[in-house]
Every structure is written in structure tokens, then in C-alpha cells.
Amino acid sequence: VHALRYFGALKGTDATASVKPLLSHASWRVRAEAAQVFGNQLKSNRYGGAVSTATSEAQKTLETMLDDADPFVVGRTLEALQSVQVKIDPLLKAVERHPQLAATVARRLVTAPPAERTAAVDQLKRYQKHASADVRAAAINGLWQIDNDGALEPLREAFGDQDSRVRVAAAEAF
């Protein structure tokens, strides 16, 4: 793990080739640190908005890490992908597997490009019916941030939710 932190701190060096095999390591700690190395590569390879081949490959690799079985690894992967635009489908699938990441993903959906914003709103409305109160609360926050007018009815429904976390999210959004 400490060696991976060293690779992640290297500037201007493509350490990802050495680290890539570790993305399938048995230890979640190793996979999480490896994801961070790829995230550092994304940040260091973006100059003036231009996307290099290394950046593109790092992003593709990280997007596959959204399928990881461990929620901590997926959370670190989401952090690593903060500096780039990601299609919403892999994000939504990550929430289905790891509901505890819903708030993080909902924040990402708020910044979805206009072409995907309708799909993001539709998915957040579906999440409002999710079994997990954390997912419902994140959905309310996301809906309110994306579409104030369209969120009024879901917001009213959220005030009647049985779980206080959802009601608090509705009150904070309002």
C-alpha cells in the first residue's frame, strides 16, 4: 500500500502501467490505493482542457473499477474520477450495488451534462422509491439541485416519508 502511495505521488510519470495489475488484487486496500494512483494520473495529465491518451486510458480503467465488489474501493474510484466527466450509467449501477454511495453519486448526477440530465432526473425519481433511506434522501437532494420546479412534488412526498433522514433531506433541500 505504501509503495502505491509513492507511485501516486510521482508527477509526470505514467506509473499506471505498473499499478494496473493491482486493480484486481485480493485486498480491497490495494485496489483502493491503485484507483487513487489512476486518479492522480488523470489530474496530472490534463493540460489546458486537452485529454491525453494516458488520461483517456486512466479514465476507462477507473470506470471499470466502479464495478468493484467493495464499496470503499468504489468510493475511492468515484473520488479519482472527480476531475473528469463520466457517463451516468456506470454511476447508477454503482449505487444499485452500494446504496451507501448514493449521496456521492447524486452529487455527480447534478453536474451531468445537459444531454444526460433528463436521464439523471428520471433515475433520481426512481431512487425516491428505493428501499434504502440513504438513497431516497440523496435522490431528494439531487432532484432539488437539478430541477427545482420538477422536484416540488417529490419533495412533498419526501416530507411524508417514514424515515427521518429523508424528511430532513427534504427540509434541507427546501
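Between the helical axis of 164-173 and the dominant principal axis of the chain, each derived from Cα atoms, what acute angle in degrees is found, rounded to the nearest 10?
With rounding to tens, the tilt is 90 degrees.
Would you work out the charge dipole size for the chain about its Cα centre, treating the Cβ of every Lys and Arg as +1 and the Cβ of every Asp and Glu as -1, and quote it to the nearest 20 debye? Mind showing how you got there, number by number?
Numbers: 22 positive and 20 negative charges, 83 e Å.
Around 400 debye, computed over the chain.
Which of rounded, prolate or oblate describes the stretch 51-114 when judged by the alpha-carbon gyration tensor and an a/c cut-off of 1.5? It would help to have the intermediate numbers written out before the result.
On the way: a/c = 2.07, a/b = 1.29, b/c = 1.61.
Oblate shape, in that a/c is at least 1.5 and b/c is the bigger or equal ratio.
Enumerate the aspartates and glutamates that K20 could reach by cross-link, defined here as Cα to Cα under 19 Å, with residues fewer than 8 away along the same chain left out.
Correct list for K20: E33, E57, E63, D67, D68, D70, E79.
How many Å² of accessible area per residue for the stretch 66-139, probe 1.4 Å?
On a per-residue basis, 46 Å².
Which of R108, R97, R126 ends up with the largest GNM mean-square fluctuation for the chain, with Cα atoms connected below 10 Å?
In the Gaussian network model the winner is R126.
Send over the semi-axes of the chain's equivalent ellipsoid, whole angstrom and largest first, taken as the square roots of 5 times the C-alpha gyration tensor eigenvalues.
34, 18, 11
For the stretch 83-144, what's the relative contact order in percent, using C-alpha pairs closer than 8 Å and at least 6 residues apart?
35
Whenever you get a sec, compute what percent of the accessible area on the chain sits on carbon and sulfur atoms (1.4 Å probe).
Roughly 53 percent, rounded to a whole number.
Which length gain, in nm to one decimal place, applies between S164 and Q85 when the Cα-Cα distance is subtracted from 0.36 nm times their residue separation?
That pair, S164 and Q85, stretches by 25.2 nm at full extension.
What does the C-alpha gyration tensor say about the overall shape of the stretch 92-174? Classify as rounded when a/c is under 1.5, otherwise prolate if a/b is larger than b/c, or oblate.
Values: a/c = 1.88, a/b = 1.17, b/c = 1.62.
Since a/c reaches 1.5 but b/c is at least a/b, the shape of the stretch 92-174 is classed as oblate.
Can you give me the distance in nm between label points at A115 and S18, each placed 7 Å from the Cα along the Cα-to-Cβ direction?
With each label point 7 Å from Cα toward Cβ, the separation is 3.8 nm.
When only C-alpha pairs under 8 Å and at least 6 residues apart count, what is the relative contact order of the chain, in percent?
For the chain, the relative contact order is 14 percent.
Taking the chain as a Gaussian network, where each spring joins two C-alpha atoms under 10 Å apart, which residue of T111, T64, T53 fluctuates the most?
In this elastic network of the chain, the residue with the biggest mean-square fluctuation among T111, T64, T53 is T53.
Filter K60/K125; K93/K125; K43/K93 down to the pairs with a C-alpha to C-alpha distance above 19 Å, please.
Distance filter (> 19 Å) returns K60/K125; K43/K93.
Please give the length that would be gained between E157 and D67 if that part of the chain were fully extended, namely 0.36 nm times their separation in residues minus their C-alpha to C-alpha distance (nm, one decimal).
29.2 nm
With angles folded into 0 to 90 degrees, how steeply does helix 88-97 sit against the dominant principal axis of the chain? Use alpha carbons for both and round to 10.
It is inclined by approximately 80 degrees.
Of L155, A103, P71, which is farthest along the charge dipole of the chain in the positive direction, counting Lys and Arg as +1 and Asp and Glu as -1 at C-beta?
After comparing all options, I get P71.
Build a GNM of the chain with springs between Cα atoms under 10 Å: which of F159, F38, F72 gets the top mean-square fluctuation?
Top of the fluctuation ranking is F159.
The values are calculated or read from the model by the stated rules, or taken from the named source; none is laboratory data. On a predicted model such as this, the values are computed, not experimentally measured, just so you know. Methodologically, a virtual Cβ is constructed for each residue, glycine included, from the backbone with ideal geometry; neighbour enumeration extends over all protein chains shown. Surface accessibility is based on the protein's heavy atoms, side chains included, excluding ligands, DNA and RNA. Shrake-Rupley method; radii C 1.70, N 1.55, O 1.52, S 1.80 Å.
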